[in-house]
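In what follows, a structure is listed as structure tokens, so that the remarks can point back to it.
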There are 10 protein chains.
Amino acid sequence: MTTKKQAADAVLEAKVRLGLTWAEIADALDAPLAWTTSALLGQHPVPADKAAKAVAILELGDDVAQALRLQPTRGALEEAVPTDPTIYRFYEVLQVYGPTIKELIHEQFGDGIMSAINFKIDVGRREDPGGERVVVTLDGKFLKYQWG
Amino acid sequence: MTTKKQAADAVLEAKVRLGLTWAEIADALDAPLAWTTSALLGQHPVPADKAAKAVAILELGDDVAQALRLQPTRGALEEAVPTDPTIYRFYEVLQVYGPTIKELIHEQFGDGIMSAINFKIDVGRREDPGGERVVVTLDGKFLKYQWG
Amino acid sequence: MTTKKQAADAVLEAKVRLGLTWAEIADALDAPLAWTTSALLGQHPVPADKAAKAVAILELGDDVAQALRLQPTRGALEEAVPTDPTIYRFYEVLQVYGPTIKELIHEQFGDGIMSAINFKIDVGRREDPGGERVVVTLDGKFLKYQWG
Amino acid sequence: MTTKKQAADAVLEAKVRLGLTWAEIADALDAPLAWTTSALLGQHPVPADKAAKAVAILELGDDVAQALRLQPTRGALEEAVPTDPTIYRFYEVLQVYGPTIKELIHEQFGDGIMSAINFKIDVGRREDPGGERVVVTLDGKFLKYQWG
Amino acid sequence: MTTKKQAADAVLEAKVRLGLTWAEIADALDAPLAWTTSALLGQHPVPADKAAKAVAILELGDDVAQALRLQPTRGALEEAVPTDPTIYRFYEVLQVYGPTIKELIHEQFGDGIMSAINFKIDVGRREDPGGERVVVTLDGKFLKYQWG
Amino acid sequence: MTTKKQAADAVLEAKVRLGLTWAEIADALDAPLAWTTSALLGQHPVPADKAAKAVAILELGDDVAQALRLQPTRGALEEAVPTDPTIYRFYEVLQVYGPTIKELIHEQFGDGIMSAINFKIDVGRREDPGGERVVVTLDGKFLKYQWG
Amino acid sequence: MTTKKQAADAVLEAKVRLGLTWAEIADALDAPLAWTTSALLGQHPVPADKAAKAVAILELGDDVAQALRLQPTRGALEEAVPTDPTIYRFYEVLQVYGPTIKELIHEQFGDGIMSAINFKIDVGRREDPGGERVVVTLDGKFLKYQWG
Amino acid sequence: MTTKKQAADAVLEAKVRLGLTWAEIADALDAPLAWTTSALLGQHPVPADKAAKAVAILELGDDVAQALRLQPTRGALEEAVPTDPTIYRFYEVLQVYGPTIKELIHEQFGDGIMSAINFKIDVGRREDPGGERVVVTLDGKFLKYQWG
Amino acid sequence: MTTKKQAADAVLEAKVRLGLTWAEIADALDAPLAWTTSALLGQHPVPADKAAKAVAILELGDDVAQALRLQPTRGALEEAVPTDPTIYRFYEVLQVYGPTIKELIHEQFGDGIMSAINFKIDVGRREDPGGERVVVTLDGKFLKYQWG
Amino acid sequence: MTTKKQAADAVLEAKVRLGLTWAEIADALDAPLAWTTSALLGQHPVPADKAAKAVAILELGDDVAQALRLQPTRGALEEAVPTDPTIYRFYEVLQVYGPTIKELIHEQFGDGIMSAINFKIDVGRREDPGGERVVVTLDGKFLKYQWG
């Protein structure tokens, strides 16, 4: 049996070998860019037709397609605090701005949370006189604390 | 001496007592909303004039103004993994989408990171047929890995 | 300023001193039993009228009422793994049955989670020939993984 | 020797390959749904006849049947705090409502605990105008603190 | 309000000041030795009459009696692994003999556990040619894994 | 080379395959029951003659006998806090009664510890009107704190 | 009540104020140097006459003498891994040479341990052409693993 | 490539198979006993001639000799707190006597540390009327805190 | 697929086998010494031409060259606190001098950080009457805290 | 008694109140800049004359001078992994370049370490066309692994 982790490794290998980008794969699957990336990295179950297309583009076997379709056990960081600098910066944002985000959500919406389930994320680029900027947008439904 | 933590507590108490919102305080300081919130919560040094205005609005003493001006030791979470559900959801986003963000930054920008220093954050609201949505935008300069 | 933790301690002390039960307090507040308990223990903001009634019944001051009304930073366990045997048994249930719950939620509902926000909990009692039984019911809205 | 972990993986693979549900397997074994799921995931020893039936339905070998019969070392989470969102929500419930559950058990039953051994769990579904709801019922014998 | 921890400290101080032993206190309370010790150290709620007797013998106030009567949040070690050598040896026993105890309970009783709730403990002394020996007896009801 | 862990696994497999009990193996080795169990699980070095007898009864090879004879690196729990419920209950005993045991050892013996080296353990069964009881006896030499 | 920690702090303060050395205090108490140091730092109970002499020399009160006489809960490091460089070097020795010490104890003595209870420690100085050297001698009774 | 860990395992296996002691190996290498033990366990690089002699005596291959010569990444304990009782006792010594050692080094030498690099260790035996004793001597150069 | 970790191991093996130094490899690649070392150890992506040269010098295969070119997930320490003494000393520097560095950066540059991305490191040697000295120079761009 | 932590807080308060810089204080003490900073932050004992000068400049009391003279227990980070971004970057350097530093020290000096005791640190500034740069220089004596 091919696990979702092995499938993700196979995807990464094929992507490098074939010189494909995530954007090209997402286009081929007709799916959002970030969803495609996280689904092929094993964090979402992939519908059968998209799994089939993905392995076709990536020249991988049916076992990979089947693994992509499986329900994942989510959670991609190996440690509670990430060590990779690119990922750590987002943990740092949480350390410095976490309570700020909480205060502003409560001020603007009341008692509740931003859903991480009914949720989408986007990574984009903004040109700026001071240099190009990474813009990450988190967009989740507000869920009000509600007793049953 | 009033610490930055004590100053933050005094700000929160005064804000509730006077019925002020962060938006009103930010307007009064003529500063961005999220910066104002995090600075008054102790995560940024506040320039002298803004510190003076803040304590005037909040009817607090000079010791609070002085504390707000101090250089902070940043880091607002008391545990490596936050327990408050509103804040935890952002940690969960990192667990599920961290490697996705990393892949897309590298694909779009090359080897480097999004700065968390030359950086701004915004918390907003978007109406949607499926219910109102929280939109958090992280906007940081791209820093390329560069040897000296 | 009275913190939510100090307010919770004052509530517990008054409750013992006056010989009140959570059921009596919940009746007086006209609110669900478990919600009342967790709100007075500091895990939910209490609406102004209920906070006023609560301090009246418990013969406590206005500062406690104000603390009860504050937005909480949730999370009541002091350690990641609880040591109190009554609470630990529920952590053990998670250790032994967590993946079972996950499998059955996915089988019955698809990819998603049980909300802990749009959620209610109840603790009840069931007589049984083998001895009385504790029945804890967790009842939360199903949230489907949905891309934006 | 096939370990209980390998047996659980084989069960999951066969279940996907054959398109079986936990409900169908539980019916075939004439056993409760959640017990069946957790037992085949390796958290309970399976009686010989049920183990034989299980491998027959799942078209697996005798080594799997033998592994299912073994006494388990229980504990299915790989980290003290689970990262999978579906399982984490139950940990969050413990963080927010743990002391509430403790207070109510003591108020209704006296000093003691809900057993996690003489215990059953059920995962069900309730339709509601606000959307379908997950209902998890924990039902354990009350054990009174008793000195010998 | 006097907490159970403060009450335990007051008991220890009074016991040293008055030169009492746990055995004398247990006799006066007409209660088992180890139960008396752990109850006065804050791990069990003490019935009203015994709490009254205890503070009388120890020449302490009514606030201590009230604290002794409270329902405890149990768990007396401050770290997951104890550092005091007298207590550590029992943790070491668990490290070295834990799986042995598990194997023998299962062999002699089937699938289940020794209850730590319907449970008593005793600490005694045995003379032996090789020197005096500490004998700790753990005596708990066997609880069979039983589905509901 | 066969490690002590592999030898323990081979013992467990053979024991199940041949339908032997620990009591029968201990009889055959003419050794105490708990010692036999822990030694074959890899926590004690086994004398040459007993190792030979053990592999004969269990129909295992000489490599297992040699592994059983090796000096172990002791410590059988994989985490600081055990997750298996049967083993956890003993950790809970330590959490609830650890300081009680310490107080009583010091009261009865003075400043020192119960040895976990000059030590034996026994697991037994006691019938009781309230149901059968597990009785675990820890019996170790008292070691007085003594300066050289 | 003065705790052992407060007594230790009072001793350190008085020692600096009066310009005394540990060697002078040990002489006055007619006790070994390292024992005196660790006992006054709160790791050993001090006999009544020595406690009286100690507070006399250090010009401290009777409450300190009483605290010194109390049975300690041992364990002086605040974290599992010490951060002070002087103490850390001994942890590093354990990291680098721990298994070596274990091998040599087993080779020279058989299966057992060096007691840390029937034990003394000494810190001395040795002149050497390469510079003065710290010599720490650990001297503990060998305890053989012995079943009861 | 043979790693230093694999080389250490091969050494231990050969040593048992050939019935050699560490003392005999150290004699053959004309090197100190404890150095030899720790070097062959992978904590020091072994000079070419000694590595050749070691594999000759132990009847091992050239790959082991090459591994012994490699620069190690030191640190032999798998957990921050060791669980093996023989090694744990030295950690306990640090917990109980760490601050004592620190006080005495500072009193006798001033501000600085005992080097764990310019350092030797010895494990010996001392007969005593009370039974044989393990004597471990740590002997390291004193390094004074010195600014550049 | 060859991972970056496997490529790093292959580089270390080849380097020893061929008797090459990092300085020679850096010369051949016409790249800075420390960059070369960390890039071949897997912490930087290596440009195609340099990767080709590296495997040519080290007599390794194309799979290693491809692995060297991959984008790394950075973070080379296996534990939060390193155990190898050579690496630990730098962690100790952080424990002792971390706040000093922070104070001086803020005094000399204002509120901000030293970049670890636009950054170079150098390890050198300085002769000194007191013995040769290791000089590590960290040289990173100052990044000012700047809101967007 | 004033602790070193309280003295450090008093120094920071006075420094802000009087508008002094570390550079001015270091000049007044005629001591290196980084040494002065870390010593006044409590990481080094301060000689009597410098302690007297420091409290004179900072207009603090004799108790602060006495605290500055005390031998410190070093270690200034409150968590194993620092959360303040300015300090974290140096931990990140260790994560990314730790093994590189180790390799180069061994290549240039042989088996040993850079001392963190016979050690000095400097924080400086370098103008560069790409922006000003922070230059931190670590300069420690090389200590060769040497057996006694």
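The values are calculated or read from the model by the stated rules, or taken from the named source; none is laboratory data. Owing to the predicted nature of the structure, the values given are computational and were not obtained by experimental measurement. We place every Cβ from the backbone using ideal geometry, glycine too, and count neighbours over all the protein chains shown.
Condition check: within 14 Å of chain B (Cβ to nearest Cβ), of a type in the set (Lys, Arg), closer than 24 Å to A:Lys102 by Cβ and crowded, with 18+ Cβ neighbours inside 10 Å. Does C:Arg69 satisfy that? Answer is no for this residue. Quick check: anything in region G:60-73 modelled with pLDDT under 95, over 13 Å from the mean Cα position of the chain (by Cα) and closer than 30 Å to I:Ala80 by Cβ? There is at least one residue in region G:60-73 that is modelled with pLDDT under 95, over 13 Å from the mean Cα position of the chain (by Cα) and closer than 30 Å to I:Ala80 by Cβ.
Exactly one residue among B:Ala10, B:Ala56, B:Ala51, B:Ala28 is of a type in the set (A, V, I, L, M) and within 14 Å of chain C (Cβ to nearest Cβ), and that residue is B:Ala10. Based on what the data block shows, is C:Gly148 touching a strand residue (DSSP E or B) at 6+ places or on another chain (Cβ under 7 Å), modelled with pLDDT under 95 and farther than 30 Å from A:Pro32 by Cα? So C:Gly148 fails the test. Checking each residue in region E:31-63 for being basic (Lys, Arg) and under 21 Å from E:Lys120 (Cα atoms) picks out only E:Lys50.
Okay, residues lined up against (1) at pLDDT 95 or above; (2) surrounded by 22 or more Cβ atoms within 10 Å (Cβ to Cβ); (3) not assigned by TED's automatic domain parsing to the domain that holds I:Leu138:
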position: I:Glu13; (1), (2), (3): no, no, yes
position: I:Arg17; (1), (2), (3): no, no, yes
position: I:Ala23; (1), (2), (3): yes, no, yes
position: I:Asp27; (1), (2), (3): yes, no, yes
position: I:Ala31; (1), (2), (3): yes, no, yes
position: I:Leu40; (1), (2), (3): yes, yes, yes
position: I:Ala51; (1), (2), (3): yes, yes, yes
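Checking the structure you have, find out if any residue of region J:40-48 is at positive phi and either touching a residue at least 12 places away in the same chain (Cβ under 8 Å) or touching a Gly at 6+ places or on another chain (Cβ under 7 Å) (or both). So far as region J:40-48 goes, yes, one or more of its residues are at positive phi and either touching a residue at least 12 places away in the same chain (Cβ under 8 Å) or touching a Gly at 6+ places or on another chain (Cβ under 7 Å) (or both). J:Thr100 meets all of the listed conditions (1) part of a strand (DSSP E or B); (2) among the polar types (S, T, N, Q); (3) under 23 Å from I:Trp22 (Cα atoms); (4) in contact with a Phe, Trp or Tyr (Cβ under 9 Å, 6 or more places away or on another chain) but one, namely (1).
Mind checking whether some residue in region I:111-118 is modelled with pLDDT of 95 or more and away from chain A (no Cβ under 14 Å)? Scanning region I:111-118, I find no residue that is modelled with pLDDT of 95 or more and away from chain A (no Cβ under 14 Å), so the answer is no. Residues that are part of a loop (DSSP other than H, G, I, E, B) and at pLDDT below 95 occur at least once in region H:130-142. For H:Thr2, the requirement of being within 14 Å of chain I (Cβ to nearest Cβ), more than 30 Å from G:Ala8 (Cβ to Cβ), in contact (Cβ under 8 Å) with a residue 12 or more places away in the chain and polar (S, T, N, Q) is met.
Of the listed requirements (1) more than 14 Å from chain I (Cβ to nearest Cβ); (2) out of contact with any Asp or Glu (no Cβ under 9 Å at 6 or more places or on another chain); (3) surrounded by fewer than 22 Cβ atoms within 10 Å (Cβ to Cβ); (4) assigned to a helix (DSSP H, G or I), H:Asp63 misses just one: (1). I'd like to know if region J:108-131 contains one or more residues that are within 21 Å of I:Gly110 (Cβ to Cβ), hydrophobic (A, V, I, L, M, F, W, C) and outside the structural domain of J:Ala10 (by TED's automatic domain parsing). Yes. As a summary of the residue check, A:Ala14 satisfies the conditions (1) in a helix (DSSP H, G or I); (2) touching a residue at least 60 places away in the same chain (Cβ under 8 Å) except for the one numbered (2).
Please verify whether region C:75-86 includes one or more residues that are in contact (Cβ under 8 Å) with a residue 12 or more places away in the chain, surrounded by fewer than 20 Cβ atoms within 10 Å (Cβ to Cβ) and not in a helix (DSSP H, G or I). No, region C:75-86 has no match at all. For region E:119-148, a residue qualifies if it is over 13 Å from F:Asp122 (Cβ atoms) and either of a type in the set (A, V, I, L, M) or in contact with a Leu (Cβ under 6 Å, 6 or more places away or on another chain) (or both), and the qualifying residues are E:Ile121, E:Val123, E:Val134, E:Leu143.
Residues in region I:125-144 that are of a type in the set (A, V, I, L, M) and facing chain J (nearest Cβ under 7 Å): I:Val134, I:Val135, I:Val136, I:Leu138.
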